[in-house]
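The values are calculated or read from the model by the stated rules, or taken from the named source; none is laboratory data. In this text the structure is predicted, and so the values were computed from the model without any measurement. Backbone-built Cβ (ideal geometry, glycine too); neighbour counts: all protein chains shown. Accessible surface areas use protein heavy atoms only, side chains included; no ligands, DNA or RNA. Shrake-Rupley method; radii C 1.70, N 1.55, O 1.52, S 1.80 Å.
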Amino acid sequence: FWHGEGHQTVGTLPLSEELCYFFSLENSAQHVRFPTERLGELLRERLAPFTAPEIAEVAARIDGTRHVSFRPLDILLMPQPWYRGRVALVGDAAHAMTPQMTSGGGMAIEDAVALAQELSQHACVPEALAAYCERRAPRVKRLYEISLEICVNEQAGGDGGRGMELLMEGHALLAQPF
């Protein structure tokens with residue numbers, strides 16, 4: 001993570017030896033839309049104030065051949081229960097968190113595993129779905145709260161130390177068995 005002026009944060013998440021997810025978070029009071037054909041140019045402009053060589057290297061690689069996605073953050077915690085009839089919500093459909101925790105995919109996998117385990121341990125689907133929701137709710141709620149607090153702290157120009165404390169708390173919780 002690198003923090004810049006105007007409450008802008010950029011970061012990287014390695015995906016493989018050759019591929020890295022790079023993101024830029026920007027504080028805005030309203031949802032902003034940009035023309036798709038200008039996204040690369042606009043991202044390069046936003047990265048220009050950063051002096052870290054890693055960011056300059058990323059900016060230089062934004063050449064029109066790389067995918068650039070621009071969208072507002074969606075953060076939500078659906079009220080319980082996360083099912084109706086025989087249909088259950090998992091992952092971001094039930095609990096979309098801010099990207100600072102870099103845990104969305106992992107949380108979706110946890111949901112799927114917990115749901116499968118509950119379905120294998122209960123004789124009827126409604127009981128399994130209720131057990132799935134009861135099992136996942138406390139962990140997901142706390143991670144959602146941490147994620148949101150990190151985001152709010154950044155938007156307010158808060159102390160980076162508090163953000164790191166929250167991140168460490170969240171990662172410690174993610175490291176625990178579910």
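Surface composition of the chain: carbon plus sulfur atoms contribute 56% of the solvent-accessible area (1.4 Å probe, protein chains only, all chains present). How high is the relative contact order of segment 48-104? Use alpha-carbon pairs under 8 Å, at least six apart in sequence, and give a whole percent. Relative CO of segment 48-104 lands at 27 percent.
Relative contact order of segment 5-128: 14 percent, from C-alpha pairs under 8 Å at least 6 residues apart in sequence.
Provide His67, His31, His171 ordered by accessible surface of protein heavy atoms (probe 1.4 Å), highest first.
Values: His67 165, His31 130, His171 75 Å².
So the residues, ranked largest to smallest area, are His67, His31, His171.
Applying the criteria of a DSSP loop state and at most 10 other Cβ atoms within 10 Å to the trypsin sites (Lys or Arg not before Pro) of segment 49-87 yields Arg86. Remark: the Leu13-Ser28 segment gains 3.1 nm on full extension, using 0.36 nm per residue and subtracting the alpha carbon distance. Exposed loop sites here are GluC sites (Glu not before Pro) assigned a DSSP state other than H, G, I, E or B and surrounded by at most 10 other beta carbons within 10 Å; excluding them, the longest clear run of the chain is 19-178.
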